[in-house]
Amino acid sequence: MFNDIGALEIVTLVVLAVLIFGPDKLPKVIQDISRTIRKIREFSDSAKADIRDELGPEFKDFEFDDLNPKKFIRKQLDNDELGLKEIRNGFDLKKEMNEVADAVHGRDSDSSEAAKEASAATSGGARVDMQKKPAEPQKLDSGDRPPFDADAT
């Protein structure tokens, strides 16, 4: 509970307690404080037991520490029933980034030449033209639908 209190802080607290309560009242104050802490712990344990009894036998493995969001998420992610470990191990970030770069630049991602160009462009410091150039109008046959333009919608 108090892992970050050092010896100097404990000595300071003892000296302050002796100065505030006096050496004759200090043992009684310590007994009162320890009795209060013990009653609070007993009350907490009985409340937890009542909650477990009310939940029923299907929740007999229920731990109140599971209500902590960090512990709950960590427990669910460590659970292998979801198959997250296979997904995490099967994900190649470099390959995915190359595919995204190829898609952005309109290159075929299957060819090794495109991968070489992408790596050369990223490592060689080549500039990428980010300005949209107007497309030449396409002539449509009768009954053809115009191409979808994401910027127009």
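The values are calculated or read from the model by the stated rules, or taken from the named source; none is laboratory data. The structure presented is a predicted model; accordingly, all values stated were derived computationally and were not measured. As a convention, Cβ positions derive from the backbone with ideal geometry for all residues, glycine included, and neighbour counts pool all protein chains shown. Accessible surface is based on the protein model in full, side chains and every heavy atom, while ligands, DNA and RNA are left aside. Shrake-Rupley method; radii C 1.70, N 1.55, O 1.52, S 1.80 Å.
Observations
- Just one of (1) under 23 Å from the mean Cα position of the chain (by Cα); (2) modelled with pLDDT of 80 or more; (3) among the polar types (S, T, N, Q) fails for Gln76. It is (2).
- Only listed residue being more than 30 Å from Leu13 (Cβ to Cβ) and either among the hydroxyl-bearing types (Ser, Thr, Tyr) or at pLDDT below 90 (or both), chosen from Pro23, Pro69: Pro69
- Subset of segment 38-77 (residues that are farther than 30 Å from Asn89 by Cβ, open to solvent by less than 100 Å² (accessible area, probe 1.4 Å) and not charged (D, E, K, R)): Ser44, Ser46, Ala47, Ala49, Ile51, Leu55, Gly56, Phe59, Phe62, Phe64
- Only one of Ala126, Ala152, Ala135, Ala115 that is outside any loop (DSSP other than H, G, I, E, B), open to solvent by less than 100 Å² (accessible area, probe 1.4 Å) and either of a type outside the set (D, E, K, R) or modelled with pLDDT under 70 (or both): Ala115
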